[in-house]
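Okay, structure first, notes after.
Each reported figure results from applying straightforward, stated rules to the coordinates on display, with no laboratory input. Computed from a predicted structure; not experimentally measured. So basically every Cβ, Gly included, is an ideal-geometry build from the backbone, and we count neighbours across all protein chains shown.
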Amino acid sequence: MSPAARILQALDVAAAVLLVVVALDYRTHGETLFAVLLAAAALLAVIAVLRAEALAEAHEHVDVLHDQLVDARRRETAHRETALRAWTSLGWAGLDGACCLRGWETRGADHDLTTCIYQEPTR
């Protein structure tokens, strides 16, 4: 939580204490309605402090989750690059091992090596 937020929380707590003191003073002088209203206002100030604290904790949790997500994406990108390199090298090895492009495209299923007219003469 930022220092400014901490200062605002301290001011909210001080206002709540002051409202309770004034509410007690009104209560001792018989002004019950004003005492109840001031106590409710003090309660609202305390709720504001608690809510600000909860939001700050949630924000810290979101920051941690964001960092974890960035790390996971970085690892996934590295893994994809490695897998792509491995897959590409396998493809080139298969292409080099084929007698022609048609044989590689069909993976030898519809291809007869003995009668291939596209076969390179060096192989």
Note to self: Looking at ASP67 and the list (1) surrounded by 13 or more Cβ atoms within 10 Å (Cβ to Cβ); (2) among the charged types (D, E, K, R); (3) over 23 Å from ALA5 (Cα atoms), which single condition is not satisfied?
What the structure shows: (1)
Next item on the list: Name, by its number, the condition in (1) part of a helix (DSSP H, G or I); (2) farther than 24 Å from HIS59 by Cα that does not hold for GLY30.
Entry: (1)
